[in-house]
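Below is one structure, written out as structure tokens; comments come after it.
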Amino acid sequence: MTITWLGHSCFLLESGGFRVLLDPYCNVPGLPDFAGEADAFYCSHGHFDHCYTEQLRVTDGRENPFAVSEIETFHDSQGGALRGKNTVRRFAAEGVSVVHLGDLGHQLSPAQLAAIGPCDVLLLPIGGTYTVDPAGAKAVADAVAPRVVVPMHYRDGARGFDVLDELAAFTALCPPELVVRYPGPTLAVTPDMPRQVAVLSLAL
């Protein structure tokens, strides 16, 4: 399976040529509005920076090889009173599981952690304000205990909302020997990948 980061919280998962798009966006500073094609798509919630499908072309007729499960969570720490609900999704294929947390705004309960189950790759928001902040994100990652953490939803210079924390605020909380910086946006995932914080780079 491959995972390609398209910026913000948007990823493309690919298995056997089948492409699953997660959280396409628009109006994110420094990033072009999403435009492209996929075989299936999922949005964690209905906000413009996570559910922009106007320029998405969806193909028909192919069987989805991913087993998908959903866990209801909240976009804030007040039970959704501020920003509503958020859907966490777990995708499994080729013996690998990938969990996309969307705009998670709180620590996961024991029941939510049990519903998520084993996780190889965790796509983790770290920027704060709209999601858990860097320290909260580290606590979420420790609770889920994936093999690989991929940070998302943060500010990178002129890219991203200016109220978000930058990547360094999160990686400073991680063991430096686990932080692996990749030269591109794509990560090839295997069941035996070593533990790491995988920092992907945008090809924009």
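The values are calculated or read from the model by the stated rules, or taken from the named source; none is laboratory data. Treat the numbers as computed from the prediction; the structure is a model and nothing was measured. Positions of Cβ are generated from backbone atoms using ideal geometry, with glycine treated the same way; all protein chains shown enter the neighbour counts. Ligands, DNA and RNA are excluded from the accessible area calculation, which covers all protein heavy atoms including side chains. Shrake-Rupley method; radii C 1.70, N 1.55, O 1.52, S 1.80 Å.
Could you tell me which residue out of P125, G95, A81 lies farthest along the dipole of the chain toward its positive end? Charges go on the beta carbon: Lys and Arg +1, Asp and Glu -1, centred on the Cα centre. Of the candidates, G95 comes out farthest on the positive side. The average projected area of the chain, computed from the convex hull of its Cα atoms over all directions, is 10.5 nm².
Structure remark: mean-square fluctuation, Gaussian network model of the chain, C-alpha springs under 10 Å; the largest value among G128, G30, G16 belongs to G16. Using only the C-alpha atoms, the convex hull of segment 95-170 corresponds to 81 Å³ per residue.
Out of the DSSP beta bridges found with both residues in the chain, what percent are antiparallel (nearest 5)? Walk me through the numbers on the way to the answer.
Working: 27 of 47 bridges.
So the antiparallel bridges in the chain amount to around 55 percent.
For the chain, with all protein chains in place and a probe radius of 1.4 Å, 53% of the accessible heavy-atom surface sits on carbon or sulfur.
Remark: the Cα gyration tensor places segment 8-106 in the oblate category, a/c being 1.5 or greater and a/b not exceeding b/c. The GNM of the chain, with springs linking C-alpha atoms under 10 angstrom apart, assigns the highest mean-square fluctuation among P65, P32, P185 to P32.
Hey, can you find the accessible area per residue of the chain for me, probe 1.4 Å, expressed in square angstrom? Present the calculation step by step, with values, prior to reporting the outcome.
On the way: 8640 Å² over 204 residues.
Per-residue accessible area for the chain comes out at 42 Å².
In the chain, which longest range has no GluC sites (Glu not before Pro) that are both DSSP loop (not H, G, I, E or B) and surrounded by at most 11 other Cβ atoms within 10 Å? Between exposed loop sites, the widest span is 64-204.
Note down the magnitude of the dipole of the chain about its Cα centre, charges +1 on Lys and Arg C-beta and -1 on Asp and Glu C-beta and zero elsewhere, to the nearest 20 debye.
Numbers: 13 positive and 23 negative charges, 46 e Å.
Dipole about the Cα centre, nearest 20: 220 debye.
For a 4.7 Å threshold on C-beta separation, the list of partnerless cysteines in the chain reads C10, C26, C119, C174.
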